[in-house]
Amino acid sequence: MVGGGIGGIQSALDLAESGYYVYLVEESPAIGGVMPQLDKTFPTNDCSMCILSPKLVECGRHHNIEVITNSWVKNIEGDAGDFTVSIIKEPRYVDENKCIGCGLCAEKCPSKVPNEFDAGLGKRKAIYVQYPQAVPMLYAIDKPNCILFKKGKEKGKCRICEKFCESDAIDFDQEEEQITVNVGSVILAPGFDKFQVDSAELAKHGYTSLIAQYGYSKYPNVVTSLEFERILSASGPYEGHLVRPSDKTPPKRIAWIQCVGSRDVTCNSGYCSSVCCMYAIKEAVIAKEHSKIPLDVTIFYMDMRTYGKDFDRYYERAKEEHGVKFVRSKVFGIEEREDTGLYLRYAAENGELKTEEFDMVTLSIGLNPKSSAVKLAERVDIQLNHYNFCETNTFTPVNTSRDGIFVCGAFQGPKDIPETVMQASGAAAASAALLSDARGTLVKKKEFPPQKSVIGEPPRIGVFVCHCGINIGGIVNVPEVKDYAATLPNVVYVDEGMYTCSQDNQKSIKEKIAEHNLNRVVVASCSPRTHEPLFQETIQEQGLNKYLFEMANIRDQCSWVHQSNPEQATEKAKDLVRMAISKSRLITPLSPITLKTIPAVLVVGGGVAGMTAAQNLADQGFEVHLLEKGMKLGGLTKKLLYTLEGEPVQPFLTDLVEKVSNNPLITVYTKTVIAECSGYIGNFSTKVKTGPKKEIKEIKHGAVVIATGAQEYKTTEYHYKKNRGVISLLDLEKEISKASKRVKECENLVMIQCVGSRDENNPYCSRVCCTESIKCALLLKELKPEMNIYILYRDIRTYGFKEDYYREARKKGVVFIRYESDAKPEVNIVKEGKKDILKVSVNEPLLGEKLIIDADMLALAIGTVPLPENKELSQFFKVPLNEDGFFLEAHMKLRPVEFATDGVFMCGMAHSPKLIEESISQANAAASRAGTVLSKEIVELPGTISFVDKTMCAGCGVCISVCPFGAIEMDNEQEIAVVNEALCKGCGACTASCKAGAINLHGFSNNQIMSVIDSF
Amino acid sequence: MEAAKENSWEPKIITFLCNWCSYAGADLAGVSRIQYPPNTRTIRVPCSGRVNPLFILRALQNGADGILVSGCHPGDCHYLSGNYSARRKFAVIDRLLEYVGIEKGRVQFSWVSAAEAGRFAEVISEITEDVKKLGPAKRLVKKRVE
C-alpha cells in the first residue's frame, strides 16, 4: 500500500482482515492523509476526525498491517504476484521504539514554524506530531527547520529536545534506511495535492497566476478552502472560532469562489475537481452555525455539481433552511480597499457586471495530481493521463497500466471520501483475487492477554469523559460531568480527554486500568453503535472481558441536539453517565459464541454490478450463487452502447456474461426471486423460487451482496411516448449506433435534462444523464457535424475528467441553454405537412428572452429511480432504505457498501444512480468487504444472548411462542425451556414475556435494566 | 401560582429505544443537528420487544413523568417480530395504566426508523409537550424511607 490516507487505510484493513499481510508506506510521519484536517464531512456533517479516528486506531494497531511512515517507494521490480519493492525510510531523528509521545520535546523546542496541518495559519515546533490524534503517536524532527541541523550537526548547539526527552528517544545520528519487501501486489493510494494558488511552478509554465486575480497571499482575508476548514476546526489555529485572519474579528459576510484551479485550462486544470461544490456548501452551512453574529454567506459558482447520493437535498437545505446564497457567475477579481473590505467583481448570468463587498473570501481550490506520485509513476513505469492522474480504463477502474499494481482514491481522479473508500475496497478486492492462493500464509493471529477473572470482586469503575473537540465540550460542561462521576459509588478513577477515541487516549485507558486495577470501564462520548467495538478491544488488550464496558452517549443524543441549552445538556449528560455507571456495576464477563462460516455468497442481481462482484468473489476462491429475476444476465447495461470515452460497452458485457456463466464456482439462477431468508452473518439460508416452474430451492451462504440495480423513471412529460419525435436518451443512443435514417435526416435536435430528477417526486440527481447527453451529442456531431444540437439543462454535472467532453461539445458547437426548475421548457407540436415539428420554448438567461427551437427530435434525459421490489428485499435481509427508496448504507462516508446488519453488502445502482465504472468499483468493494467475512473459518457471534435459570422455569412455553427465531425448545424430560445459542439473536422478547423471570438476557438482564431505571 | 410552578418544572422522561431503528434514528438526529427538548433519558435496549411492562411501572415508581417506548416500524424489526410483541404488551399495559389512574399520553409508544431523524425529534418534542401539560407524575411514585 502506497499512501496512508483514508483510501490506503481502507485497502489495508480490507486485505489484512481477509488474510493478507500488508505493508503501508506513508511519506509523512503519520497516517490519515487529508481527512484529519477537515472539520466536518458532507452530507451528514459528521465530524471528520471522529469518524476517521476508529479507523486510524484500527489500522495503527492491526497485527497484520505494518505501518512504515516517513518513507517512500523508490522502485518496484518484478511481476504481478512477485514484486520486490524498495522503500526509503527517511530519518525521523526520533527513535520509534522509545518515543512515548509525551510532547515534552515540542514544548521546549525553541524553533517555531508555520504548521502545514493548519494550512500554514498556525505555528508548530520543529519537533512535532502532525496532528493531536496522529497514528503513530510519535514525534519527528523537521530537519530544515531544526536549529541544530541548520547550523550543522557538529557545530550546532541547541539539542534542547534531547536534553528534555525522558525516554532518550532523540537520535540526531539517524540515517536514511533502505527497506526491501517482497509482495504479491501493490496498491497506489497516494492521494492528491491541493491546488497551489500561488504556485511559482505554474507561472513558470506561462499559466495564469491567481495571485493577481484573487489577491491570495496578498490579502490576508482571502483564504483557501482548506485554510477555512482549519479555521472552523475546534483543533485549528483559532480553536473553532470563526474569525478572519487579518484582525481576528468575526466576519459578517463571506464569499466562496468555486472552480479555483478547476475547469480552467489557463492553469492546466481543465477537469472538474468533483468535490468543491459540496465542500463549499458544507463550509458555508457550518460557518453559519458557528457564527455568533448573523452571517451572510454567498457561493459564486458556474454549475452546482451536487451529483452524489443525498447531495441535492443538502444543497436545497443550504438554500432553504440555512439561507446560503448561490450566485451563478464568473468572478473576475478581488480588490482590497482601505477599510479592509474585499470587493469582488463578477459577471452575473445575464452578463451584468457587479461588485459586492465581503469581509472574507474563500477560494474553493481544486485537487491536483500528487507530485510525488507522478514521480513514482515515472520510476515504476505507470501510465498517467494528460492531467498526470493515473490512467485507468472504464471497465477496469482500479488497474494501472502495469499488471499487479492497482490504484485507488484521488490519484485515479478527483473524488470524495466515500468514492475513495469504495475504490480502495475495490482495489483490495482486485489484489485479493490476484493473490487468493497465498491467502492466510503470512498473517499473524490477534492474541489478547489472558482474561483477568473479576468474579467476586467489588466493581472498580473507571469513567472517561470525552470532549470530542468542541462537539461535546462546547456545550456540555465536561469537567463538571467528570467531577460528578467521581462522587458516585464504586467509581475509583475519572478522567477527561480531548478525543477519547484517539490512540494516545486508548493507551491511557489501558494504563489506568492497570494502575487502578479497574474492572469496569465507562466511556461517556459518542454513540456505542459506532465506537463500542474500539473501546472493547482496548480493554481486552488489558485483560478485561470486552463486556465489562459501558457507554454513555453524551454527543449524538445530548450535546449535538441541545446546542442552545448547555445547562440542561450538562444535567442530561450527568444523568446518562450515572445510568451507565449504575448498569456497569452489574455487568458480567461474557464469552462469544463461535460458529463455522459457510464460504459461499449470494449475489442478488445479474447486472454489471452483480456479475462483477460474483466474478471477483469467485476469483477470490468463494462459491457464488448469482440470482437474476430476468431471463438473461446483463441488467440495464444491455441497453448501453458506448462509454463517454467512446469505448463500446457490449463486447465488455458479453465477455463478462461469458466469464460468469462459465466460472465453475458461480451458479447462475435466472428467472429467480427470493421467497424467504433467514440466518445471520456466516450462516444465511435463502429460499428462492427459480425457473419457469418456480421450484423452491434452498441456498446456504455466509454473506449477501445486493446488486439489484435501478430503472428508468416512467415519465409522461414533454409528450413522451405520445409523439414519436420524443424519445429517451437510451433510444437515441440506439438510433445513433444504427445511424438510422431519422438521425441522419434530423437537422435540429434538442435534449432536455433532469426529466424526473431533481424535482418534487425524485429530489435527487440521477448523476449519469449529463454525461450521457454529452456523449450522444458528440456521437451525433461525428455522424453529422452540421446538425444543430441544443442541450437544455439546469446544471451541467460533468465531474472529473468528463469536463473535457463538455468542453469539447461546446467547441463543436453544441448549444447549452440553462433553464430554471420553475420555468421548465415547453414543447408544442405543430403539424407541417406530414411532419411533426416540435416547438421547444425556453427562457435564454443571457438574452433574457424566450427562445423557440423548431426541433425534429427531442431526447429526454430521463432520471433513474429505485426498483419497487427494494422494499420487499429490504425486509428479507433486515436492511433499511433511504427516503427515495435506494438502499441505505451503514455510514455514508466510511461504510458505503455495508449495512448495519453484518454480512449484508450492496453495490451498483441499488445504492444510488451511477456510471458503469463506478458500479464496477463499488461491486469490487462489496466483494472485498464480503471477502473479509467469507475468508474467516469461524464467525464470532456476540455473547449477548438469552439463558434460562432452570430452577425458576415452570415450562409454560410462552418464550417459545414469542421467539422469532425458533431458538428456544422445550426439554420434555425436565420440562424446562432450553436456548439454542447459535440461533438466539438476543432480542429479549422471551425475557420480557417470562412471567417467572426465569429466562434472562446477557448484557440486558432484568436486574441491569432495573438498576438503570432506579438510578434515573 | 399553578402557572409559576409549571414554568420552573421540567419533566423527566425515560425513553426505551431499540438499538437498530429508534436509537439509530436518535443518533442520526444528532448527526443532523436536529434540536429537541433535553428532557429525555435514554435506555438502549436491543429491541422494543425487550421492554418488560414492569420496566414502565418501575420507571413511574422512580418518578419518571413520562415514558416512551420506540421501536422499528412494523415489518422492519431487526428481530423480525419483536416490535409486534412489544405492541401487544403495550396494549395490555395501556389498560392497566388507565386502571391505576395514569393519564393517557404519559406513557407512549412509537415507531421511528434509523433514517427518520426528523421524526425522532418530533416524537420527543410531542411527548415532552404532552407530559408538560399533564404536570408531574405522582400517582405511583414510591415514598422512599431513607
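Assorted remarks:
- Condition check for A:Glu623: more than 30 Å from A:Leu488 (Cα to Cα) and among the acidic types (Asp, Glu): yes
- Under the condition of being outside any helix (DSSP H, G or I) and of a type in the set (Val, Ile, Thr), the residues counted in region B:94-130 number 4.
- Per the listing A:Ser274, A:Ser235, the residue uniquely under 25 Å from the mean Cα position of the chain (by Cα), of a type in the set (S, T, N, Q) and buried (at least 23 other Cβ atoms within 10 Å of the Cβ) is A:Ser274.
- Scanning region A:850-881 for residues that are loosely packed, with under 15 Cβ neighbours inside 10 Å and part of a strand (DSSP E or B) gives A:Lys850, A:Ile852, A:Asp854.
- Which numbered condition A:Tyr718 fails, given (1) part of a strand (DSSP E or B); (2) surrounded by 15 or more Cβ atoms within 10 Å (Cβ to Cβ): (1)
- Condition met for A:Phe358 (over 30 Å from A:Phe652 (Cβ atoms) and of a type in the set (Phe, Trp, Tyr)): yes
- Of all residues in region A:539-558 being in a helix (DSSP H, G or I) and touching a Leu at 6+ places or on another chain (Cβ under 9 Å), the one that is nearest to A:Val463 (Cα to Cα): A:Ile539
- When restricted to residues that are aromatic (Phe, Trp, Tyr) and touching a Ser or Thr at 6+ places or on another chain (Cβ under 9 Å), region A:1-41 contains 2.
- Scope region A:307-339; condition in a strand (DSSP E or B) and either under 30 Å from A:Lys893 (Cβ atoms) or in contact (Cβ under 8 Å) with a residue 60 or more places away in the chain (or both); matching residues: A:Lys325, A:Phe326, A:Val327, A:Arg328, A:Val331, A:Phe332, A:Gly333, A:Ile334, A:Glu335, A:Glu336
- Residues satisfying the stated conditions in region A:340-387, i.e. part of a loop (DSSP other than H, G, I, E, B) and under 23 Å from A:Pro294 (Cβ atoms): A:Thr340, A:Gly341, A:Asp359
- Restricting the search to strands (runs of 3 or more DSSP E) fully inside region A:927-978 and requiring at least 1 residues that are buried (at least 20 other Cβ atoms within 10 Å of the Cβ) and modelled with pLDDT of 90 or more gives A:946-948, A:968-971.
- Of all the criteria given as (1) within 14 Å of the chain's Cα centre (by Cα); (2) within 14 Å of another protein chain (Cβ to nearest Cβ); (3) under 30 Å from B:Val31 (Cα atoms), the one not satisfied by B:Glu126 is (2).
- Elements of type strands (runs of 3 or more DSSP E) contained in region B:8-80, each with 1 or more residues being closer than 19 Å to B:Val141 by Cα and at the interface with chain A (Cβ under 9 Å from one of its Cβ atoms): B:13-18, B:40-45
- Taken together, A:Glu496, A:Glu480, A:Glu457 contain a single residue that is free of Cβ contacts under 8 Å to residues at least 40 places away in the same chain and acidic (Asp, Glu), which is A:Glu496.
- Test for A:Lys446: is it among the basic types (Lys, Arg) and buried (at least 24 other Cβ atoms within 10 Å of the Cβ): no
- The condition (being without any contact (Cβ under 8 Å) to a residue 24 or more places away in the chain, more than 21 Å from A:Tyr128 (Cβ to Cβ) and over 14 Å from the mean Cα position of the chain (by Cα)) is satisfied by just one residue among A:Glu77, A:Glu58: A:Glu77.
- Looking across region A:722-733, just one residue is under 18 Å from A:Cys769 (Cβ atoms), more than 34 Å from the chain's Cα centre (by Cα) and either acidic (Asp, Glu) or part of a loop (DSSP other than H, G, I, E, B) (or both), and that is A:Asp731.
- Flag for A:Ala284 being more than 21 Å from A:Gly409 (Cα to Cα) and among the hydrophobic types (A, V, I, L, M, F, W, C): yes
- Considering residues of region A:979-1008 that are at the interface with chain B (Cβ under 7 Å from one of its Cβ atoms) and in contact (Cβ under 8 Å) with a residue 60 or more places away in the chain only, the residue surrounded by the most Cβ atoms within 10 Å (Cβ to Cβ): A:Phe1004
- Pairs, first within 21 Å of A:Gly986 (Cβ to Cβ) in region B:82-101, second surrounded by 10 or more Cβ atoms within 10 Å (Cβ to Cβ) and at pLDDT below 90, C-beta under 6 Å, six or more apart: B:Asn83/B:Cys72; B:Asn83/B:Cys77
- Residue within region A:204-214 that is at pLDDT 85 or above and of a type outside the set (Asp, Glu) present: yes
Quick grid of which residues meet (1) β-branched (Val, Ile, Thr); (2) buried (at least 22 other Cβ atoms within 10 Å of the Cβ):
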site	(1), (2)
B:Pro53	no, no
B:Asp76	no, no
B:Val92	yes, no
B:Phe120	no, yes
B:Val131	yes, yes
B:Leu140	no, no
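- Filter pass, A:Gly462 being buried (at least 21 other Cβ atoms within 10 Å of the Cβ), over 32 Å from the mean Cα position of the chain (by Cα) and either among the acidic types (Asp, Glu) or away from chain B (no Cβ under 14 Å) (or both): yes
- Test: residue in region A:11-29 that is more than 14 Å from A:Gly191 (Cα to Cα), among the hydroxyl-bearing types (Ser, Thr, Tyr), in contact (Cβ under 8 Å) with a residue 60 or more places away in the chain and touching a strand residue (DSSP E or B) at 6+ places or on another chain (Cβ under 7 Å): yes
- Of the helices (runs of 4 or more DSSP H) that lie entirely inside region A:87-186, not one contains 3 or more residues that are within 19 Å of A:Glu66 (Cβ to Cβ).
The values are calculated or read from the model by the stated rules, or taken from the named source; none is laboratory data. What you see is a predicted model; the values in this text were computed from it and never measured. When we count neighbours, we look across all protein chains shown, and the Cβ atoms used for this are built from the backbone with ideal geometry, even at glycine.
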